[in-house]
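Okay, here's the structure, questions in a sec.
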Amino acid sequence: MRLDRQAVLADKSLLLLDFDGPVCSVFAGYPAPTVAAELVERVRGFSPRLAAELGGETDPMRVLRAAAEALPKHTVDRIDEFLCRAELRAIDTATPTPGTPDLIEAARRDGKTVGIVSNNCPRAIAEHLRRTGLDAHISLVVARPYGRPRRMKPDPYLLIRALSSTGTDPARACFIGDSVTDIEAGRAVGVTTIGYANRPGKAEPMAAAGASLVVTEL
């Protein structure tokens, strides 16, 4: 069942936001394909075969996930650390998403708890929130667990942690994400999902994945 804009948050006590997209465009000035290519080169030092397979990959998170599937944990830790440093560099040129501060303020004013659930590095998220002043309004951040990229969305692990840490029933939570994997993770734990279609071509796949609502602005 699709929900309208007025109803979707009315009975929720917890609003969860993905970071890259709903909060800011992390790789606006340091493009994700560039980061992915640099990450592949780092992988090449450990496995030329895997690097060759990943040669055309443009998503750094997919590179990290592939490394976790094929390489020893101590190697994955080093690749994860390289990506964390790249994300911290990217935060210098990240662009805030229009409307998000107002959304967070309105949710807090309505008595809701607001949190971040993201595949991004927790250090990069914390730095952006500090720089923008949003840290004063965010009650929890559940981000990529270091060295365990298999726990990234669409695995529901991060959302389960967010619900558990706040003691929130899934029916009382809403999760806003900008990808199909966000919608899949949200549906896996039973929270209401909102797809943020910040680029053409995103709305239909998120709706098909079962998003309760798809919006083009926040």
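Assess whether L88 counts as being within 27 Å of A188 (Cβ to Cβ) and not in a loop (DSSP other than H, G, I, E, B).
The answer is no for L88.
Would you please name the residue that is least open to solvent (accessible area, probe 1.4 Å), looking only at residues in segment 193-216 that are among the charged types (D, E, K, R) and within 17 Å of the chain's Cα centre (by Cα)?
That would be K202.
With respect to the numbered conditions (1) open to solvent by less than 50 Å² (accessible area, probe 1.4 Å); (2) in contact with a Leu (Cβ under 7 Å, 6 or more places away or on another chain); (3) of a type outside the set (G, A, S), which one is the sole condition not fulfilled by D77?
Of the numbered conditions (1) open to solvent by less than 50 Å² (accessible area, probe 1.4 Å); (2) in contact with a Leu (Cβ under 7 Å, 6 or more places away or on another chain); (3) of a type outside the set (G, A, S), the odd one out for D77 is (2).
Scanning segment 156-175 for residues that are touching a helix residue (DSSP H, G or I) at 6+ places or on another chain (Cβ under 8 Å) and within 14 Å of D18 (Cβ to Cβ), which turns out most open to solvent (accessible area, probe 1.4 Å)?
That would be P156.
Only one of (1) open to solvent by 10 Å² or more (accessible area, probe 1.4 Å); (2) farther than 21 Å from D182 by Cβ; (3) in contact (Cβ under 8 Å) with a residue 12 or more places away in the chain fails for G133. Which number is that?
Unmet for G133, out of (1) open to solvent by 10 Å² or more (accessible area, probe 1.4 Å); (2) farther than 21 Å from D182 by Cβ; (3) in contact (Cβ under 8 Å) with a residue 12 or more places away in the chain: (3).
While we're here: From (1) closer than 30 Å to T168 by Cα; (2) open to solvent by 60 Å² or more (accessible area, probe 1.4 Å), pick out the condition that doesn't hold for L15.
Exception for L15: condition (2).
Among the residues of segment 185-192, is there at least one that is touching a residue at least 24 places away in the same chain (Cβ under 8 Å), open to solvent by 40 Å² or more (accessible area, probe 1.4 Å) and in contact with a strand residue (DSSP E or B) (Cβ under 9 Å, 6 or more places away or on another chain)? Lay out the reasoning, then the answer.
Residues of segment 185-192 touching a residue at least 24 places away in the same chain (Cβ under 8 Å): 185-186, 188-189, 191-192.
Cutting the leftovers down to open to solvent by 40 Å² or more (accessible area, probe 1.4 Å) gives us 188.
So of that shortlist, the ones also in contact with a strand residue (DSSP E or B) (Cβ under 9 Å, 6 or more places away or on another chain) come out as none.
The answer is no, given that none of the residues of segment 185-192 is touching a residue at least 24 places away in the same chain (Cβ under 8 Å), open to solvent by 40 Å² or more (accessible area, probe 1.4 Å) and in contact with a strand residue (DSSP E or B) (Cβ under 9 Å, 6 or more places away or on another chain).
I've got another one for you. Just to verify a result, which residue in segment 24-54, among those that are closer than 28 Å to T93 by Cα, open to solvent by 10 Å² or more (accessible area, probe 1.4 Å) and of a type in the set (G, A, S), is nearest to the chain's Cα centre (by Cα)? Outline the logic, then answer.
If we filter segment 24-54 for residues that are closer than 28 Å to T93 by Cα, which is where we start, we get 24-44, 51, 54.
When the remaining residues are screened for being open to solvent by 10 Å² or more (accessible area, probe 1.4 Å), the result is 25, 27-34, 37-38, 41-42, 44, 54.
When the remaining residues are screened for being of a type in the set (G, A, S), the result is 25, 28-29, 32, 37.
Details: S25: 11, A28: 15, G29: 18, A32: 14, A37: 20 Å.
Among them, the one singled out is S25.
Something else now. Output the number of the condition that I116 fails; it satisfies all remaining conditions of (1) assigned to a loop (DSSP other than H, G, I, E, B); (2) open to solvent by less than 30 Å² (accessible area, probe 1.4 Å); (3) within 26 Å of G167 (Cα to Cα).
Single failed check for I116: (1).
Filter segment 85-94 down to the residues that are free of Cβ contacts under 8 Å to residues at least 60 places away in the same chain and either surrounded by 17 or more Cβ atoms within 10 Å (Cβ to Cβ) or among the hydroxyl-bearing types (S, T, Y) (or both) and list them by number.
The answer is A86, and nothing else.
Name the residue, out of A70, A36, A32, that is touching a Ser or Thr at 6+ places or on another chain (Cβ under 7 Å) and within 24 Å of T132 (Cα to Cα).
A32
Counting only residues that are at pLDDT below 95 and of a type in the set (K, R), which one in segment 136-150 is surrounded by the most Cβ atoms within 10 Å (Cβ to Cβ)?
R148
For segment 136-218, list the helices (runs of 4 or more DSSP H) that sit wholly inside it and hold at least 3 residues that are not aliphatic (A, V, I, L, M); which are they?
Those helices (runs of 4 or more DSSP H) span 157-166, 180-189.
The values are calculated or read from the model by the stated rules, or taken from the named source; none is laboratory data. What you see is a predicted model, and the numbers here were worked out from it, not measured in a lab. As a convention, Cβ positions derive from the backbone with ideal geometry for all residues, glycine included, and neighbour counts pool all protein chains shown. Side chains included, ligands, DNA and RNA excluded: accessible areas come from the protein's heavy atoms. Shrake-Rupley method; radii C 1.70, N 1.55, O 1.52, S 1.80 Å.
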